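Colleague: First the structure, then my questions, so here it is.
The values are calculated or read from the model by the stated rules, or taken from the named source; none is laboratory data. Keep in mind that this is a model prediction, so the values were computed, not measured. Neighbour counts run over all protein chains shown; Cβ positions are idealised from the backbone, glycine included.
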Amino acid sequence: MPKYQKFEELPVWQEAARLYNRVLDLLEEPQLPLSPGFRNQLDRAALSVSNNIAEGFDRMTTGELNSFLATARGSAAEVHSMMAVIKDRPKLKPLLRRLQEIRSLSESCARQITAWITSIEGSPVKGKRQFDGPNKVMRDAAQKAKNFRLNFLRNLKPEHPLYTSPEARAARGEIPPE
């Protein structure tokens, strides 16, 4: 799978953006015979697809990414369901092609998200927080140095010049850390 630097470059996010824009086009139709609640829910569900893809993409672990992708997939299914519910309404017959396009886009988003989740689940990589090799050694060394410093500050004798410093007091839990 190619590496992307921005969520806007992801084909699935682009498809989700198309989905939302087609929903907006529909909702902007004058005198559209849909209830305010239906319109609101459709708007929110369609926008949720792209937003959850973006939020998951910027999370730190594949588990978090998968969770947001699952929500995005659910929102795509919600849009699909809403189109299925209203497809036979006589007053919407003139808009049938547009309703079918929205349904098709929601199905496409769901398929792409499912494929992405499947590829992640089959990958040995567990996310940005999983380090190996030199990165793991550097992270572990930095954590050990931080722990050593905290322990050192925690155990200073009262006569030590750093004993009353904010950092030492925070290490002992006397004040909140800065």
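Colleague: Contact list please: Cβ distance under 8 Å, first residue in the range 90-117 and assigned by TED's automatic domain parsing to the domain that holds SER48 and free of Cβ contacts under 8 Å to residues at least 40 places away in the same chain, second residue assigned to a helix (DSSP H, G or I) and exposed (fewer than 14 other Cβ atoms within 10 Å of the Cβ), pairs at least six apart or on different chains.
Modeller: What qualifies is ARG103/ALA84.
Colleague: Then there is this: What number of residues in the range 35-55 are free of Cβ contacts under 8 Å to residues at least 24 places away in the same chain and more than 17 Å from THR114 (Cα to Cα)?
Modeller: Counting residues in the range 35-55 that are free of Cβ contacts under 8 Å to residues at least 24 places away in the same chain and more than 17 Å from THR114 (Cα to Cα) gives 7.
Colleague: Return the only residue of LEU65, LEU26, LEU42 being of a type outside the set (Asp, Glu), farther than 14 Å from SER108 by Cα, surrounded by 18 or more Cβ atoms within 10 Å (Cβ to Cβ) and touching a strand residue (DSSP E or B) at 6+ places or on another chain (Cβ under 9 Å).
Modeller: Result: LEU65 is the single residue among LEU65, LEU26, LEU42 that is of a type outside the set (Asp, Glu), farther than 14 Å from SER108 by Cα, surrounded by 18 or more Cβ atoms within 10 Å (Cβ to Cβ) and touching a strand residue (DSSP E or B) at 6+ places or on another chain (Cβ under 9 Å).
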